[in-house]
Amino acid sequence: MSKTTQTGMIAASLAILVYIAVIITGSSLMPGQDEQDEQAIISQQARFDAALYDQISSGLNYVHNATTETTSLAIPLSGINLSQNQFMLLYDSTPYASKGHIALVLPCAEADPRSPLFQVLVGRAPDVTPTTLGYIEPISNPPDMCVYHAQFGFGDPVTDVILKYIANGTTNLKGPNTVAITTHESYIPRAPSFEELQHEHNSTAQ
């Protein structure tokens with residue numbers, strides 16, 4: 001059975017459960033109402049669900065065809081050297097956009113660990129922008145082990161996550177330096193990315 005079919009079956013099952021819940025709720029709250037009133041409640045709930053669906057699907061560049069499976073990825077960085085403005089690609093989910101969380105254990109400036117020496121760029125390549133990193137002081141040990149974290153994909157679609165070194169000189173990443181990425185949801189955006197358009201162009205040119 002394909003993933004699309006499974007998703008459709010799950011969605012249908014949820015719709016049936018919601019339908020049953022509405023009927024039970026309407027009956028228990030208003031036991032004296034007749035069948036016409038119950039149908040009015042169900043109709044009102046259906047209109048609310050439809051409006052919510054339209055708001056989500058039209059407001060977030062979002063095709064409502066998603067998976068909500070949680071996946072985690074741990075990336076050891078030991079032995080990697082980066083000079084200023086050099087970067088490495090941590091994650092690419094093209095053509096699916098992802099929503100998730102990233103945690104990083106990185107070296108930092110001991111005098112100011114809240115200002116990271118790195119940026120995490122997210123978006124759909126080549127359109128990527130820095131995301132705000134939060135510093136977790138209680139489990140950090142500057143300058144070698146500073147823990148940062150961020151969410152991504154809860155807004156514009158994200159298919160690519162990039163780690164960029166922005167400080168002066170060269171950084172030598174060591175044993176404790178790692179990245180952990182957890183995704184909570186994946187979906188296909190309405191608009192194709194640059195990479196998808198390029199793939200399509202290359203296929204037709206052959």
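Among the residues of region 189-206, what is the count of those that are in a helix (DSSP H, G or I) and surrounded by fewer than 12 Cβ atoms within 10 Å (Cβ to Cβ)? Explain how you work it out, then say what you get.
First, pick out the residues of region 189-206 that are in a helix (DSSP H, G or I): 194-205.
Filter once more, so that each one left must be surrounded by fewer than 12 Cβ atoms within 10 Å (Cβ to Cβ): 197-198, 200-205.
Adding up the residues that qualify gives 8.
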For residues in region 99-110 being surrounded by fewer than 23 Cβ atoms within 10 Å (Cβ to Cβ) and among the small types (G, A, S), which is nearest to T71 (Cα to Cα)?
A103
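If you check Q84 against the conditions, is it surrounded by fewer than 21 Cβ atoms within 10 Å (Cβ to Cβ) and under 14 Å from V179 (Cα atoms)?
Values: surrounded by fewer than 21 Cβ atoms within 10 Å (Cβ to Cβ): yes; under 14 Å from V179 (Cα atoms): no.
No.
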Of the residues that make up region 136-154, is at least one under 12 Å from the mean Cα position of the chain (by Cα), farther than 18 Å from I75 by Cα and surrounded by fewer than 17 Cβ atoms within 10 Å (Cβ to Cβ)?
yes
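Every residue, every condition in (1) at pLDDT below 90; (2) closer than 21 Å to D160 by Cβ; (3) assigned to a loop (DSSP other than H, G, I, E, B), yes or no:
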residue: E69; (1), (2), (3): yes, yes, yes
residue: I75; (1), (2), (3): no, yes, no
residue: G79; (1), (2), (3): no, no, yes
residue: N85; (1), (2), (3): no, yes, yes
residue: L89; (1), (2), (3): no, yes, no
residue: L104; (1), (2), (3): no, yes, no
residue: D112; (1), (2), (3): no, no, yes
residue: G123; (1), (2), (3): no, yes, no
residue: T129; (1), (2), (3): no, yes, no
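Just give me the residues in region 155-173 being within 27 Å of I80 (Cα to Cα) and exposed (fewer than 14 other Cβ atoms within 10 Å of the Cβ), in sequence order. Show your work before the answer.
Step one: of region 155-173, the residues within 27 Å of I80 (Cα to Cα) are 158-173.
Correct list: N168, G169, T170, N172.
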Can you tell me which residue in region 161-204 is modelled with the highest pLDDT, limited to those that are of a type in the set (D, E, K, R) and over 20 Å from M145 (Cα atoms)?
E185
Take region 122-156 and flag every residue that is among the aromatic types (F, W, Y) and within 27 Å of Q198 (Cβ to Cβ).
F152, F154
Would you say E185 is part of a strand (DSSP E or B), surrounded by 14 or more Cβ atoms within 10 Å (Cβ to Cβ) and acidic (D, E)?
yes
Do the conditions hold for Y96, that is, is it touching a Leu at 6+ places or on another chain (Cβ under 7 Å), among the hydroxyl-bearing types (S, T, Y) and touching a residue at least 60 places away in the same chain (Cβ under 8 Å)?
no
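The values are calculated or read from the model by the stated rules, or taken from the named source; none is laboratory data. Given the structure is predicted, the values throughout are model-derived calculations rather than measurements. No Cβ is skipped: glycine too gets one built from the backbone with ideal geometry, and neighbour counts run over all protein chains shown.
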